[in-house]
Every structure is written in structure tokens, then in C-alpha cells.
1. Return the Rg/Rh ratio of the stretch 106-190 with Cα-based radii and a Kirkwood Rh.
2. As I understand it, the dipole of the chain uses +1 on the Cβ of Lys and Arg and -1 on the Cβ of Asp and Glu, about the Cα centre. Which of 42, 12, 116 lies farthest toward its positive end?
3. So for the pair residue 77, residue 47, with labels modelled 7 Å out along Cα→Cβ, what separation do we get in nm?
4. Calculate, for residue 154 and residue 38, the FRET efficiency according to 1/(1 + (r/R0)^6) with r their C-beta to C-beta distance and R0 25 Å; round to the nearest 0.05.
5. By count of other Cβ within 10 Å, fewest leading, how are 146, 31 ordered?
6. Would you look at the GNM of the chain, springs on alpha carbons closer than 10 Å, and say which of 136, 13, 90 moves the most?
7. Using only the alpha carbons of the stretch 68-155, determine the length spanned along each of the three principal axes and report them from longest to shortest in whole angstroms.
8. For the stretch 70-79, just list the computed ³J(HN,Hα) in residue order, Karplus coefficients 6.51, -1.76 and 1.60, θ = phi - 60°, integers in Hz, with x standing in for Gly and Pro.
Amino acid sequence: MNQQSVVLTGDTVILRPLTHSDIGQEYLSWLNDREVTRYLGVGGSRSTIADVEKFLEKFEDSPNDLALAIIDRESDLHIGNVTLNNVSMVHRTGDTGLMIGRKDFWGRGLAFQAWALIIEHAFDQMGLRKVIAGVVDGNTASLRTLERLGFKIEGTLRKEFLVDEEPRDIYRLGLFREEFRRFDSSQPPR
Ligand SMILES: CC(C)(COP(=O)(O)OP(=O)(O)OC[C@H]1O[C@@H](n2cnc3c(N)ncnc32)[C@H](O)[C@@H]1OP(=O)(O)O)[C@@H](O)C(=O)NCCC(=O)NCCS
């Protein structure tokens with residue numbers, strides 16, 4: 001997607017296009033950390049720089065996918081990514097995913113703000129009607145964050161995901177534009 005111009009600024013994070021210069025050993029260490037990837041599609045498979053380059057090229061070449069780096073404003077560090085995938089301008093929908101790879105930035109409500117910013121962009125700039133997400137059973141922080149943004153569980157994909165070979169359900173969540181709880185910067189996320 002034409003990502004170059006997308007920069008979204010919140011109180012605690014900035015979202016800007018993910019670039020090849022963001023990909024290095026630090027990024028790889030996130031993807032090879034089982035605690036980070038436990039509930040992600042990459043699962044337990046080892047990732048290489050070549051895999052990540054391929055992942056990024058997919059976003060650069062696709063008109064329907066957007067990948068943004070999450071930058072913590074206080075430290076100016078790249079702490080993770082947030083994506084909008086499979087955007088359909090026919091149905092005006094898109095799927096979102098997020099990863100905070102630096103675990104020292106977990107537990108600060110940063111996922112909430114990063115998701116709020118990309119969702120606001122999806123509704124207000126891209127004209128989407130609905131944003132979709134999938135959460136694996138057990139990923140309570142993710143489910144809680146999406147529900148606080150206004151997402152509702154719409155269905156369960158039964159035992160579709162393996163966490164350490166243990167089958168887990170995936171909850172499919174959806175959010176319509178009018179359900180979106182706008183991030184109010186005067187209200188701390190918790
Ligand atoms: C999951 C993830 C997005 C959460 O982001 P975060 O900014 O660290 O989230 P927080 O720790 O601030 O937690 C968000 C909420 O969940 C709650 N929560 C966290 N862990 C919890 C637990 N084990 N049980 C119950 N509630 C929990 C927090 O209290 C908070 O609720 P509140 O907003 O009402 O206070 C982040 O840890 C991450 O990127 N993990 C790796 C990749 C991943 O799983 N991505 C999501 C794919 S859908």
C-alpha cells in the first residue's frame with residue numbers, strides 16, 4: 001500500500017511506515033522469542049532476516065496491506081508493528097494485527113494507543129466500515145485491549161490454532177465505525 005505518507009501521532013506512540021532499515025538482529029530477536037510469538041501466526045518456527053524482508057516486500061507491493069512501525073515517543077525506540085491487512089475497498093473492511101516485540105514495553109497501554117491510531121486512520125482516512133481482528137484463546141491482554149476499543153466477539157474458530165501443540169480456539173472480533181471508542185487523550189488508557 002502507499003505507506004510512505006502515513007504518519008500517525010498519539011500521546012505516547014507514533015506510527016510510521018515500517019522500512020527495511022527497521023529489520024535487523026533486534027527485530028529478529030522479537031520473532032524468535034516464544035513469549036512474543038506464542039499467539040501469533042508465525043508460531044514456534046525460527047525466522048530469518050530473509051523471511052522478514054519477504055514479509056515487508058509483501059506490504060510494499062500490495063495495494064491492500066499496510067504495515068506501520070510503533071515508535072515509543074519517550075525513548076524514540078521502535079517497539080513493534082501494527083498492520084492493516086487484506087483491505088477490501090469493495091466491502092470496505094480490513095484485518096488488523098499488532099505485535100509489541102520489546103517486552104519491556106508491555107503493560108503500559110501502548111497497544112491500545114497504537115491500535116486506536118491505525119483504526120482511526122482506517123475509518124477516517126481510508127473510509128473503511130469495519131475492522132476485523134483474531135485473538136487466540138488465552139491472549140487476555142490482546143482481547144481486553146480490543147474490547148476496550150469497542151470490538152465485539154462475532155464467532156469462534158474452534159481449535160484452529162496450536163500453542164505448543166495444544167489446540168486453542170481463535171475468537172474473531174469485529175468493530176464498526178460507529179462502535180469505535182475514540183481514543184481520548186485526556187483519559188489515560190487505564
Ligand atoms: C498482547 C499485547 C498486544 C498487549 O499489549 P500491552 O500494551 O502490553 O497490553 P497491556 O499489558 O497494557 O494489557 C492490556 C489490558 O489487558 C489486561 N491484561 C493483561 N494481561 C492480563 C492477564 N493475564 N489477565 C487479565 N488481564 C490482563 C491489562 O490489565 C489491561 O487491561 P486494562 O486496560 O483494563 O487495564 C502485547 O503484549 C503483545 O504485542 N504481545 C505479543 C504479540 C501478540 O500477542 N499480539 C496480539 C495478537 S492479536
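1. 1.01
2. 116
3. 1.7 nm
4. 0.60
5. If I rank by nearby Cβ atoms, fewest first, I get 31, 146.
6. So, out of 136, 13, 90, the one fluctuating most is 90.
7. In descending order, the Cα extents are 39, 29, 18 Å.
8. These are the phi-based 3J(HN,Hα) values: 9, 10, 6, 5, 5, 9, 6, 8, 7, 10 Hz.
Laboratory data are not the source of any read-out in this text; all were calculated from the coordinates shown. Note that this is a predicted model, so its numbers are computed, not measured. Note that each Cβ is placed from the backbone with ideal geometry, even for glycine, and that neighbours are counted across all protein chains shown.
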